[in-house]
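A.B. asks: First the structure, then my questions, so here it is.
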Amino acid sequence: MSTSENSADTLLSVRDVKTYFFQDEGTVKAVDGASFDVKKGKTLGIVGESGCGKSVTTQSILRLVEKPGRIVHGEIFLRKEGGEEIDLVKLAPNGPEMRAIRGGEIGLVFQEPMTSFSPVHTIGGQITEAIMLHKNVDKKEARKIGIEALRSVGIPKPERRIDEYSFELSGGLRQRAMISVALSCSPRLLIADEPTTALDVTTQAQILDLLRRLQNENGMAIMLITHNLGVVAEMADDVVVMYLGRVVEEGPVDDIFHNPLHPYTKALLESIPSIDSQPRVKLPTISGAIPHPYNRPAGCPFHPRCASRIEGRCDAGEPRLAASGDRQKVSCFLYDSEGRKE
Ligand SMILES: Nc1ncnc2c1ncn2[C@@H]1O[C@H](COP(=O)(O)OP(=O)(O)OP(=O)(O)O)[C@@H](O)[C@H]1O
Ligand SMILES: [Mg+2]
């Protein structure tokens with residue numbers, strides 16, 4: 001079922017995905033035409049202010065969008081081990097194929113490990129369950145794999161820890177345990193949604209080191225979602241900048257940091273928090289408020305906050321994400337199709 005023209009090094013291709021929440025008060029266009037690629041074995045950083053649709057994008061990929069939400073448009077191609085591509089949007093969210101992909105080919109780590117582990121089951125019970133769901137092994141073998149998985153993420157005395165409850169672990173160890181669950185089935189893509197936001201700076205650095213080491217060892221791709229541009233600079237090969245459910249700029253990390261094109265990317269970079277700022281602090285706000293999701297502005301969604309807007313143009317038409325030079329893509333009327341300023 002090969003239906004896209006993706007290059008062989010593309011593992012996941014998100015194409016014009018729209019995910020809306022249909023509520024009585026109005027429709028929240030949480031993701032509104034997002035497109036980007038995740039390359040095999042590389043780290044893609046996804047950045048953007050709170051509410052821009054980063055988590056709903058990951059929920060869309062994993063087919064975990066909750067009602068009243070639904071993917072209303074687009075394609076999400078995943079290249080399987082043998083090279084064949086499948087469109088995840090076409091799969092039943094809870095069907096056998098999607099269940100095998102979730103936690104199998106795609107692992108998920110998110111911000112609050114406390115909520116991902118059940119308080120009434122031991123860590124081991126949950127790890128062995130995850131392993132048995134995806135691998136054809138008995139309980140004893142799954143436990144052995146689980147202990148090794150905990151050891152590989154740097155949890156000391158894993159043969160003892162495996163019988164503890166998540167609340168007995170520190171935040172850092174809990175996050176390591178969640179990573180080990182996500183990795184126990186050798187995913188080819190790890191989606192990490194704010195994996196270190198709840199941790200102190202030192203633990204945060206350790207978890208990022210761990211992710212880097214695991215990626216070097218097993219060659220998985222990582223989709224890293226974070227508010228912290230410092231983390232992106234350190235970890236990502238490529239960066240996607242989202243604004244109000246859309247990608248406004250995309251490119252290699254060096255280009256995004258040294259030659260940002262979109263006025264929103266420029267504003268984000270000017271607001272980089274210093275290394276010792278509080279990890280829970282969100283990005284300092286860029287002037288002007290993010291529009292309410294029910295009332296998206298006409299034209300370019302960023303134009304009401306944009307210092308470089310062109311009256312009569314940016315408030316009228318919607319710019320499209322297009323190549324600008326060889327390496328970057330940008331969605332902005334300030335750039336013509338060759339990527340030069342008009
Ligand atoms: N279950 C839901 N029902 C209705 N609206 C939702 C739901 N989940 C998310 N949204 C809305 O979709 C938009 C995108 O939310 P999302 O959680 O993806 O943002 P985010 O970029 O992950 O933000 P943050 O950085 O704070 O995690 C927001 O306006 C949010 O209020
Ligand atoms: Mg989020």
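A.B. asks: I want to verify a result. In a Gaussian network model of the chain, Cα cutoff 10 Å, which of these has the top mean-square fluctuation: I127, I310, I155?
C.D. replies: I310
A.B. asks: Also: Only counting other Cβ atoms within 10 Å, I'd like H292, H134, H262 sorted with the fewest neighbours first.
C.D. replies: Fewest-to-most Cβ neighbours within 10 Å comes out as H292, H134, H262.
A.B. asks: I want to verify a result. In a Gaussian network model of the chain, Cα cutoff 10 Å, which of these has the top mean-square fluctuation: D87, D24, D193?
C.D. replies: Highest fluctuation among the options: D24.
A.B. asks: Continuing with this model, one more query. About the Cα centre of the chain, what is the dipole size in debye to 20, counting +1 per Lys and Arg Cβ and -1 per Asp and Glu Cβ, all else neutral? All intermediate terms of the calculation are to be shown ahead of the outcome.
C.D. replies: Values: 42 positive and 46 negative charges, 123 e Å.
My answer is approximately 600 debye.
A.B. asks: Here's a follow-up. Counting just the Cα atoms, what span does the stretch 112-186 cover along each of its three principal axes? Round to the nearest Å and put the largest first.
C.D. replies: Computed over the Cα atoms, the extents are 31, 22, 20 Å.
A.B. asks: Test of understanding: what is the full-extension gain from V72 to A233, defined as 0.36 nm times their sequence separation minus their Cα-Cα distance? Spell out each step's value before the answer.
C.D. replies: Details: separation 161, 0.36 × 161 = 57.96 nm, distance 3.30 nm.
Length gained between V72 and A233: 54.7 nm.
A.B. asks: Would you work out which of C314, A298, A142 lies farthest towards the positive end of the dipole of the chain, given +1 charges on the beta-carbon of Lys and Arg and -1 on that of Asp and Glu, about the Cα centre?
C.D. replies: Checking the options against the dipole of the chain, the answer is A142.
A.B. asks: As a check on your grasp of the helix formula, calculate [θ] at 222 nm for the chain: sum -39500 (n - 2.57) over DSSP H runs of n ≥ 4, divide by the residue count, round to the nearest 500.
C.D. replies: Numbers: 11 runs with 101 residues, N = 342.
Calculated from helices alone, the mean residue ellipticity at 222 nm is -8500 deg cm²/dmol.
A.B. asks: Still on this model: Please report the antiparallel percentage of the DSSP beta bridges confined to the chain, to the nearest 5.
C.D. replies: 65
A.B. asks: Starting from the Cα of D16, move 7 Å in the Cα-to-Cβ direction to define the label point; list residues of the stretch 304-336 whose amide nitrogen is under 16 Å from there.
C.D. replies: Counting backbone N atoms under 16 Å from the label point, the list is 318-323.
A.B. asks: Moving on. Using +1 on the beta carbon of Lys and Arg, -1 on that of Asp and Glu, and nothing else charged, what's the dipole of the stretch 112-186 about the Cα centre, debye to 20?
C.D. replies: So the dipole magnitude of the stretch 112-186 works out to roughly 200 debye.
A.B. asks: Still on this structure: At q = 0.07, 0.09, 0.10 Å⁻¹, work out log10 I(q)/I(0) for the chain with the Debye formula, treating every Cα as an identical point scatterer and leaving solvent out; two decimals please.
C.D. replies: Reported log10 I(q)/I(0), two decimals: -0.30, -0.50, -0.61.
A.B. asks: Right, something else. Let me know the charge dipole size of the stretch 62-101 about its Cα centre in debye, to the nearest 20, where only the beta-carbon of Lys, Arg (+1) and Asp, Glu (-1) is charged.
C.D. replies: 220
A.B. asks: In the Gaussian network model of the chain, springs joining C-alpha atoms below 10 Å, which of M132, M242, M223 carries the largest mean-square fluctuation?
C.D. replies: M132
A.B. asks: Given the options I256, S184, F77, identify the residue whose Cα lies farthest towards the positive end of the charge dipole of the chain (+1 on Cβ of Lys, Arg; -1 on Cβ of Asp, Glu).
C.D. replies: Positive-most Cα among the choices belongs to S184.
A.B. asks: Something else: Using alpha-carbon positions, what is the distance between the centroids of the stretch 92-158 and the stretch 28-66, in Å?
C.D. replies: Centre-to-centre (Cα) distance: 23 Å.
A.B. asks: Between D326 and K157, what is the label-point separation in nm under the 7 Å Cα-to-beta-carbon projection?
C.D. replies: 5.6
Every read-out reported here was derived from the displayed coordinates using simple, explicitly stated rules and does not represent laboratory data. Since the structure is predicted, the reported quantities are computational estimates derived from the model, not experimental observations. All Cβ positions, even for glycine, are placed from backbone atoms using ideal geometry, and neighbour counts span all protein chains on display.
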